[in-house]
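First up is the structure itself, then whatever we jot down about it.
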Amino acid sequence: MEWQEVCENKYLKDLPFKIELNKWGQIVMSPAKPKHSICQGLITDLLNSLIEQGMAFPECAIDTPDNVKVADVVWASDARLDIIEEEDVASIAPEICVEVKSASNTIKEMEEKKDLYLAAKAEEVWLCDQTRRMRFYNRQGELGASLLVPDFPKQIGRRKGIEN
């Protein structure tokens, strides 16, 4: 299956799942729980408050070497937004791609997605674990803090603007 077919399929609209395609064009669905969605919202809000230009937003479909993956949160500069905003699937990854680990994710899956986003030209990939601890990566490996958003906390709190 191709991504355009997924986007146009009336049976796949409004599902309470994140939909991705694997390298064989098979649909992969992941159910979302409130805790996961809240974490996405906190990360999005923090990014938008710390960076004046560009935009952070959830659920961005990205064309990767292993078909379409959907990052939980991304931040894209105005220049990348100009490229991807009207596309069905982002042809280039936003500069920051964030994955929030849920109980159903394995560490291996998270690492694979990190590598796929970097291959799709993300500058940084952030992984958020179930305790809301953040880990930051670029092509050289793990970073002590984000180079693009150095003030982003290493641990996000339970509520907007609160760090643990």
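The values are calculated or read from the model by the stated rules, or taken from the named source; none is laboratory data. Computed from a prediction, not measured in an experiment: that's the story for all the values here. Reconstructed Cβ throughout: ideal geometry from the backbone, glycine too, with neighbour counts over all protein chains shown.
Taking the residues in region 76-91 that are assigned to a loop (DSSP other than H, G, I, E, B) and touching a helix residue (DSSP H, G or I) at 6+ places or on another chain (Cβ under 6 Å) as candidates, determine which candidate is surrounded by the most Cβ atoms within 10 Å (Cβ to Cβ). If you could, list the steps in order and put the result at the bottom.
So in region 76-91, the residues assigned to a loop (DSSP other than H, G, I, E, B) come out as 77, 85-89, 91.
If we keep only those that are touching a helix residue (DSSP H, G or I) at 6+ places or on another chain (Cβ under 6 Å) as well, we get 88-89.
Working: ASP88: 15, VAL89: 20.
In this case the residue turns out to be VAL89.
Matching residues to (1) exposed (fewer than 13 other Cβ atoms within 10 Å of the Cβ); (2) in contact with a Pro (Cβ under 8 Å, 6 or more places away or on another chain); (3) of a type outside the set (Phe, Trp, Tyr):
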site	(1), (2), (3)
VAL98	no, no, yes
LYS101	no, no, yes
THR106	yes, no, yes
LYS113	no, no, yes
ALA119	no, yes, yes
TRP126	no, no, no
GLN140	yes, no, yes
VAL149	no, no, yes
PHE152	no, no, no
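Let's see how each residue does on (1) of a type in the set (S, T, N, Q); (2) part of a strand (DSSP E or B); (3) surrounded by 13 or more Cβ atoms within 10 Å (Cβ to Cβ); (4) in contact with a Phe, Trp or Tyr (Cβ under 6 Å, 6 or more places away or on another chain):
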{"residue": "GLN40", "(1), (2), (3), (4)": "yes, no, yes, no"}
{"residue": "LEU47", "(1), (2), (3), (4)": "no, no, yes, yes"}
{"residue": "VAL68", "(1), (2), (3), (4)": "no, yes, yes, yes"}
{"residue": "VAL74", "(1), (2), (3), (4)": "no, yes, yes, no"}
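When you scan region 12-29, do you find a residue that is modelled with pLDDT under 65, surrounded by 15 or more Cβ atoms within 10 Å (Cβ to Cβ) and among the aromatic types (Phe, Trp, Tyr), even just one?
No, the conditions are met nowhere in region 12-29.
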